[in-house]
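So the structure is just underneath, and the comments pick up after that.
The values are calculated or read from the model by the stated rules, or taken from the named source; none is laboratory data. Everything numeric here is computed off the predicted structure, so don't read it as measured data. Here the Cβ positions follow ideal geometry from the backbone for every residue, glycine too, while neighbour counts run over all protein chains shown. Note: accessible area is taken over every heavy atom of the protein model, side chains too, but ligands, DNA and RNA are not part of it. Shrake-Rupley method; radii C 1.70, N 1.55, O 1.52, S 1.80 Å.
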Amino acid sequence: MSELALNTNPAHARHGANSGQPLTRLDGPLKVTGRAIYAADRRPAGLLYAALAVSTIARGRVAYLDVEAAKAHPGVVEVMTPKNRPPIAVDPDLRDHPFHLKTDVLQNDRVRYANQPIALVIAETMEAATEGAALLPPRYETEAARAHLDANESFTPPVVGIGNPAVVHKGDAEAGLAEAALTIDATYETPAQYHNAMEPHAIVAAWDGDRLSIDTPSQGLALAQGRLAGLFGIPPENIHIRSPFLGGGFGSKGLMTGPQVLGVLAARLVGRPVKLVLRREQMYGPVGHRPLTRQTLRIGSDGDGALTAIAHHTKTASSTFDDFFEPASDISHTLYASPAIASSHEAVRLDIGTPMFMRAPGEATGSVALESAIDEMAQACGMDPLAFRLKNYAEAEPISGKPFSSKALRECYARGAERFGWARRPLAPRQMRDEAGLLVGWGVGTATFPALMFQGQARAVIRSDGTGVMEIGAQDMGQGAWTALAQIAADGLGLDIDEVEFRSGASDLPDAGIAGGSAHTATAGMAIHGAGADVIAKLADLATGDQRSPLYGAGNAGVVARGGRLFRRDDEGRSESYAEILTRAGLGEIEGRGKSASDPAAQSNYAMHAHGAVFAEVKVDPELGQIRATRLIGAFAAGRIINPRLVRSQYYGGMIWGVSFALHERAVMDPRSGRVMNPNLGEYHVPVNADVPSLEAILVDEHDPYVNALGIKGVGEIGVTGTAGAVANAVWHATGVRVREFPITLDRLIGPAFLAVEPSA
Ligand code: MOS
């Protein structure tokens, strides 16, 4: 069963009951007191420790490993290489499912990217395993690495993202550009980024015959279970995965990665439980990343500032052996109304690990380029960038022509602008200074993210003591998903949240779908809602069909569930408690099931997105070019808000990613060796507290009756989408210099244009 019954932990702060209430995280006390058990904390009896040896070259083959030296090291039990790796049932380079990426699990001596696993040393202690791995010193036959965007022939990918067409035209963009009064043509570059979750990928695996127990962080338990079942040729139900806590994921824990599979193989090889924890630098290759992009935006507008065309072209990279193509151009089909929009993608194959979805894959990269380009167009038109957006934002989804299922974007612009004080913004750049003489700039960006749903299931129980249970294999990466889901569960069961045992985080619970695509609360929440309704209907059936019940004859639809009782809808004076109903029926408990999926009818009539507007202030040192984001205000409309505290926290997180994208994050690739040169949190910069500006998130009320019965949209990824562009636009407004290479660092800013302007007197 599941490891965790969250509500048996009483210490979470209460502010009221259930949905809509800003409860603190139910698992918060466990985390801050160190009682939350993460995968790498597990130590089953007989445990051995594995250390990965990874390739230092990006392309070639491993010619020699000194396996004997490693094996001779005290404490080392075994060394796993392609020669002795246990068999797996399917070719790891077979792509038989959109979510089964090809993977490196020691199938041969080829090296396809730097940091690829080439051996695993298994020992009695972690130290012995690590030392053993250092005794392997591999020799390679090295081939020249292809490690930058122009290092290989380019081609049009078959699809981008998960199955989107690479080239899409709506109207005639070239004609729209030709007839435009004003055009801009600008190229933006974004670097490779790595997920850098705080918790590295870790696994503790133990075999018992053909049964497998695993502790590993996962954003998609059922998907992981299915993938491992396929690889090892055993039924999924033979595999039990526990993932009660994740120290972040950001997409990198969405699918089972090669190193996690290697942990399972190592346990098979030695016949004992094995723990493998990736070192930080080993996460720069085998567990996915956001690929670099070079995006060209050509935009046309008429003399009045109305768009006539958007042409968005992206060049990006995948690995030599698998397909993941960042769908960066797609966002241009969802945001601004233009009679003609063309998106296209082009890719090269490089000697890199296969990219993966990472924090708004496509939307984040595409939005920073589009929002910069829209700003450049506003500037060309001599218009305020917010006024330009208000003139051109779409009332219906441009690509499909379908109306949005709700329309709160205009209100997001208005509320954000009001709160920010946007009306005081001078049109020209480099007009504002603070009291210390720093240049001050204000920028705006539009945020958007699709409102997705996957398929999910849940099981609900009401017990004869009047309490409830909700079971769902949901994943909480730290965002507070379980807390929001427990709130939905309590409402669905007509109970207080403290009366519901919420069980989650293990693969033997009903499949909640993947915690990705900002779809988890909607997917899992709707399954929970359905399970609650099902069990309440059964309970009502028991009561309304029993002459001894005060509810007799009311019919299921004639009762409401609240506070652990069923009430007659037409006469609330007649009610009965769950406990009374079950006890009289002689039942210890009663169960219900729920399922969720998006509604195809609603989807064929409406385009479903969350929307928002982000306003940013930056300050730039006029002599040194040092940039600081100082103030961010985002206004977001994302349907029904289950827990405003957690939703704000998600928006803050997204907005901090946006600052990070605009000003900090960058994996520096050595084009000769094909190695990432800053594979650590010291040199791969993410914002620390001192980099995080004053943040405010405005929750704009939005009732979306079409997206799902609860009206829930996702909030996990939208925050990054408007923010990175808003920050970039603010840097322009502060300095008059447009940097089109991200992140915007001072060396990229302080060119001749920056210095040409007189510093402050
Ligand atoms: Mo997210 S990149 O959908 O985990």
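Residue check: His685 meets all listed conditions (1) assigned to a loop (DSSP other than H, G, I, E, B); (2) out of contact with any Asp or Glu (no Cβ under 7 Å at 6 or more places or on another chain) but one, namely (2). Only a single item in (1) part of a helix (DSSP H, G or I); (2) within 24 Å of Phe615 (Cα to Cα) is not met by Leu755, and it is number (2).
Taking the conditions (1) within 19 Å of Arg242 (Cα to Cα); (2) within 16 Å of the ligand (Cβ to nearest atom) in turn, Ala229 satisfies each one other than (2). The condition (being over 17 Å from Thr365 (Cα atoms), open to solvent by less than 30 Å² (accessible area, probe 1.4 Å) and at pLDDT below 95) is satisfied by just one residue among Pro693, Pro705: Pro693. Is it the case, given these coordinates, that Ile184 is β-branched (Val, Ile, Thr) and open to solvent by 70 Å² or more (accessible area, probe 1.4 Å)? No: the conditions fail for Ile184. When Leu566 is tested against (1) open to solvent by 10 Å² or more (accessible area, probe 1.4 Å); (2) over 30 Å from Pro687 (Cβ atoms), only condition (1) is not met.
In segment 56-102, what residues are outside any loop (DSSP other than H, G, I, E, B) and in contact with a Lys or Arg (Cβ under 6 Å, 6 or more places away or on another chain)?
Looking only at segment 56-102, we keep the residues that are outside any loop (DSSP other than H, G, I, E, B), and these are 60-64, 67-72, 76-80.
Passing the criteria: Arg61, Ala63, Tyr64, Val79.
Residue count for segment 478-529 under the criterion of being acidic (Asp, Glu), in contact with a His (Cβ under 7 Å, 6 or more places away or on another chain) and either within 16 Å of the ligand (Cβ to nearest atom) or over 23 Å from Thr216 (Cβ atoms) (or both): the result is 0. Would it be correct to say that Ser660 is farther than 13 Å from Thr723 by Cα and not in a loop (DSSP other than H, G, I, E, B)? No, not satisfied. Surrounded by 24 or more Cβ atoms within 10 Å (Cβ to Cβ) and either over 25 Å from Gly28 (Cα atoms) or of a type in the set (Val, Ile, Thr) (or both): does that describe Ala489? Spelling it out, it is not the case that Ala489 is surrounded by 24 or more Cβ atoms within 10 Å (Cβ to Cβ) and either over 25 Å from Gly28 (Cα atoms) or of a type in the set (Val, Ile, Thr) (or both).
You will find that of Ala601, Ala637, Ala613, Ala579, the residue that is surrounded by 15 or more Cβ atoms within 10 Å (Cβ to Cβ) and out of contact with any Cys (no Cβ under 9 Å at 6 or more places or on another chain) is Ala579 and no other.
Within segment 368-377, can one find any residue that is in a loop (DSSP other than H, G, I, E, B), open to solvent by 10 Å² or more (accessible area, probe 1.4 Å) and not hydroxyl-bearing (Ser, Thr, Tyr)?
Restricting attention to segment 368-377, the residues satisfying the condition of being in a loop (DSSP other than H, G, I, E, B) are none.
No: zero hits.
Do we find that Val715 is buried (at least 22 other Cβ atoms within 10 Å of the Cβ), more than 16 Å from the ligand (Cβ to nearest atom) and at pLDDT 95 or above in this structure? Criteria not met by Val715. Considering Arg430, Arg389, Arg359, the condition of being within 16 Å of the ligand (Cβ to nearest atom), of a type in the set (Lys, Arg) and in contact (Cβ under 8 Å) with a residue 24 or more places away in the chain is satisfied by Arg359 alone. Here Gly401 meets the list (1) at negative phi; (2) open to solvent by 10 Å² or more (accessible area, probe 1.4 Å) almost entirely, failing just condition (1). So for segment 556-565 (the condition being aliphatic (A, V, I, L, M), more than 16 Å from the ligand (Cβ to nearest atom) and modelled with pLDDT of 95 or more), does at least one residue qualify? The answer is no, given that none of the residues of segment 556-565 is aliphatic (A, V, I, L, M), more than 16 Å from the ligand (Cβ to nearest atom) and modelled with pLDDT of 95 or more.
Filter segment 434-459 for residues that are hydrophobic (A, V, I, L, M, F, W, C), under 26 Å from Pro327 (Cα atoms) and open to solvent by 30 Å² or more (accessible area, probe 1.4 Å); which is nearest to the chain's Cα centre (by Cα)?
Restricting attention to segment 434-459, the residues satisfying the condition of being hydrophobic (A, V, I, L, M, F, W, C) are 436, 438-440, 442, 444, 447, 449, 451-454, 458.
Right, trim to under 26 Å from Pro327 (Cα atoms) and you get 444, 447, 449, 451-454.
When the remaining residues are screened for being open to solvent by 30 Å² or more (accessible area, probe 1.4 Å), the result is 452, 454.
Details: Leu452: 13, Phe454: 14 Å.
Going through the qualifying residues, I end up with Leu452.
Tallying residues that are buried (at least 19 other Cβ atoms within 10 Å of the Cβ) and in a helix (DSSP H, G or I) within segment 217-253 yields 10. For His685, the test of being surrounded by fewer than 21 Cβ atoms within 10 Å (Cβ to Cβ) and more than 30 Å from Ala484 (Cβ to Cβ) is passed.
Here Pro743 meets each of (1) under 29 Å from the mean Cα position of the chain (by Cα); (2) over 26 Å from Phe420 (Cα atoms) with one exception, condition (2).
Scanning segment 545-572 for residues that are more than 16 Å from Thr583 (Cα to Cα) and outside any loop (DSSP other than H, G, I, E, B) yields Asn556, Ala557, Gly558, Val559, Val560, Ala561, Arg562, Phe567, Arg568, Asp571, Glu572. Could you tell me whether Ala408 is surrounded by fewer than 24 Cβ atoms within 10 Å (Cβ to Cβ), in contact (Cβ under 8 Å) with a residue 12 or more places away in the chain and more than 16 Å from the ligand (Cβ to nearest atom)? Here the answer is yes, as Ala408 does meet what is asked. For segment 523-542, does any single residue satisfy the condition of being among the polar types (S, T, N, Q), part of a helix (DSSP H, G or I) and open to solvent by 10 Å² or more (accessible area, probe 1.4 Å)? No, that holds for no residue.
Residues are listed down the side, and each one gets a yes or a no for (1) surrounded by 13 or more Cβ atoms within 10 Å (Cβ to Cβ); (2) at pLDDT below 95; (3) touching a Gly at 6+ places or on another chain (Cβ under 7 Å):
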position	(1), (2), (3)
Gln21	yes, yes, no
Pro29	yes, yes, no
Ala39	yes, no, no
Ala45	no, no, no
Pro82	yes, no, no
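Exactly one residue out of Arg42, Arg59 is closer than 29 Å to Phe324 by Cα and not aliphatic (A, V, I, L, M), and it is Arg59.
Give the residue that is nearest to the chain's Cα centre (by Cα), with candidates limited to residues of segment 579-610 that are under 30 Å from Leu452 (Cα atoms) and among the aliphatic types (A, V, I, L, M). Lay out the reasoning, then the answer.
Of the residues in segment 579-610, the ones under 30 Å from Leu452 (Cα atoms) are 591-610.
Pick out the ones that are also among the aliphatic types (A, V, I, L, M) and you get 597, 601-602, 607-608, 610.
On the way: Ala597: 20, Ala601: 27, Ala602: 25, Ala607: 21, Met608: 18, Ala610: 15 Å.
Restricting to residues being under 30 Å from Leu452 (Cα atoms) and among the aliphatic types (A, V, I, L, M), the top hit is Ala610.
Close contacts from segment 248-273, counting a first residue that is under 15 Å from Ala51 (Cα atoms) and a second that is of a type outside the set (S, T, N, Q) and within 16 Å of the ligand (Cβ to nearest atom), with Cβ to Cβ under 7 Å and a gap of 6+ residues or different chains, come to Pro259/His201; Pro259/Val287; Gln260/His201.
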